[in-house]
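Following: one structure in structure tokens, then a few remarks.
What follows draws every value from the coordinates through simple rules; no lab data is involved. In this text, all values refer to a predicted model and were calculated from it rather than measured experimentally. So basically every Cβ, Gly included, is an ideal-geometry build from the backbone, and we count neighbours across all protein chains shown.
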Amino acid sequence: MQKLSILIVEDGQSQREMLRDFLRSEGHTLTEAENGETAIKKVLNGHFDLILLDYKMPGMDGLEVLKEIKRINPEIDVVIITAYGTIETAVEALKVGAIDYITKPVDLDELLILANRVA
């Protein structure tokens, strides 16, 4: 499996660290951002194969960040992660350009399958 450069955008530190530690143990390179503004700066200054993007954050929400990421680089694969999953939110995220939508608590096996699909 190809190793990915992944950006985790999550305002919850424990969730961010759990995702980071798991994906790092699988050999991927991880970068973290605690909010949308920081994530956009990192996208402007770096290369990412995959972005795991929390839907509900203070400041810019996940859909706003997703739109900006896609404007900057439409080739980056983005997955929305949320504890507030609704069909409407999932459809909107996919319309804006997310490749998938997963709910919290994140199933790590599902996440690994997703990363393998991106790779």
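What the table below lists for this structure:
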read-out	value
Within region 37-90, GluC sites (Glu not before Pro) in DSSP loop having at most 15 other beta-carbon neighbours inside 10 Å	GLU75
Spread of Cα-to-Cα distances over 10 Å intervals beginning at zero, given as percent, for region 46-93	26, 57, 16, 1
Three semi-axes of the equivalent ellipsoid, the chain, Cα gyration tensor, whole Å, largest first	18, 16, 14
Pairwise centroid distance, computed over Cα atoms, of region 60-79 with region 2-51, Å	14
222 nm mean residue ellipticity, helices alone, for the chain (DSSP H n ≥ 4; -39,500 (n - 2.57); rounded to 500)	-14000 deg cm²/dmol
Hz values of 3J(HN,Hα) by residue in region 105-119 - Karplus curve (6.51, -1.76, 1.60), Gly and Pro given as x	x, 5, 7, 5, 5, 5, 4, 5, 4, 4, 4, 5, 5, 5, 5
Per-residue Cβ neighbour rank within 10 angstrom, fewest leading, ARG20, ARG71	ARG71, ARG20
Inter-label distance for GLU37 and LEU108, nm, one decimal - labels placed 7 Å from Cα along Cα-to-Cβ	3.3
Nonlocal amide H pairs with GLY12, under 5 Å, H built at 1.01 Å	none
Residue order, fewest to most beta carbons within 10 Å, for SER14, SER5	SER14, SER5
Contour minus Cα-Cα distance for ALA83 and LEU44 (0.36 nm per residue)	11.3 nm
